[in-house]
Amino acid sequence: MSTKKQPRKKNFSTLKMLGAQVQAARKAAGFTQRVLAERLMVDEETVASIEQGRRPLMPDVAEAMDVLLDTKGMLAAGVDKLPEIDQFPMYAEQYMVHEREAVSLSWYDNAVLPGLLQTEPYARAVLCERVPAYDEDELATKLAGRIGRQEILQRKCPPTMSFIIWEPVLHLRVGGDRVRREQLRRLREYAERPGMSLQFLPMRAPSSAGLDGPFTLLETSDHQHLAYTEGQRGSQWVAAPDEVSVLARKYAMLRSQAMTPGESKGLLDRLLGDQ
């Protein structure tokens, strides 16, 4: 079943407090971090990061901990009651945790370029289009968060990635001609990266399996298949296998409808040559 949560934001101190509760409950139950991680089927580092307040406790993990540690719903309630203070909605944080550790990512977008591929000037220009506008502090926080996510591209073993983008996105002069040209050059560089496929869905394509809007598919390090969809009024974290399957089939159809990676490189070369 897909889940949609209202925005809930938090700061470092609240994460540390919740992490301390996890640690106390774990010790009271007689578990080491390693044993708890094994029971939860997550990495030991994940448990350590939660206890130290460096990583948010996700709702599904909190519920599993409540069962294992016999905390009678205390941790799940703690996650649900986190004060609204700082940065990202909980469902977005849940996605970003999985994104950082993903072994594969498949991303379709038809409005702007995927955040993982955006240059900083392009990302800033996109965020500045928001209505109502972000204030300067919010803008700086959102921009840092978006660019920071691109660290997964520098991992020793980065995920296998596939991107399909509707061609008109390339023609939008978001931020002006200079920003657009720099962005197109970055895309051309990415198109040569091993383990990354970049394809464009032509403007004149007679069919599109992506008319319902952008979505992302990912495979986690423990081989769960999950998805994330975006829309005007919010985003959804999708975990139900039947719903993930529908999006996976849409993505497979989009790959057949899009230009090949080679044709997509050619399109970028032509656009760069025209400027």
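The values are calculated or read from the model by the stated rules, or taken from the named source; none is laboratory data. Just so you know, these numbers come straight off a predicted model, no measurement behind them. Here the Cβ is made from the backbone with ideal geometry for all residues, glycine too, and neighbour counts use every protein chain on show.
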Check Thr119, Thr141, Thr160 and return the single one that is of a type in the set (Val, Ile, Thr) and within 19 Å of Gly176 (Cβ to Cβ).
Thr119
Those residues of the range 200-257 which are farther than 25 Å from Thr46 by Cβ and aliphatic (A, V, I, L, M) amount to Leu201, Met203, Ala205, Ala209, Leu211, Val246, Leu247, Ala248, Ala252, Met253, Leu254
Kindly provide the set of residues from the range 225-243 that are out of contact with any Gly (no Cβ under 9 Å at 6 or more places or on another chain), under 10 Å from Phe215 (Cβ atoms) and not aromatic (Phe, Trp, Tyr), ordered by number.
Ala227, Ser235, Gln236, Val238
The range 248-266, subset hydrophobic (A, V, I, L, M, F, W, C) and surrounded by 19 or more Cβ atoms within 10 Å (Cβ to Cβ), residue nearest to the chain's Cα centre (by Cα):
Leu254
Could you tell me whether Ser221 is assigned to a helix (DSSP H, G or I), of a type in the set (S, T, N, Q) and closer than 30 Å to Arg39 by Cα?
no
Any residue at all in the range 190-201 that is assigned by TED's automatic domain parsing to the domain that holds Lys156, at pLDDT 95 or above and part of a helix (DSSP H, G or I)?
yes
In the range 249-259, residues that are closer than 15 Å to Leu226 by Cα and touching a strand residue (DSSP E or B) at 6+ places or on another chain (Cβ under 6 Å) total 1
Run Glu192 past the list (1) loosely packed, with under 13 Cβ neighbours inside 10 Å; (2) of a type in the set (Asp, Glu); (3) over 14 Å from Met161 (Cα atoms) and report the number of the one that doesn't hold.
(3)
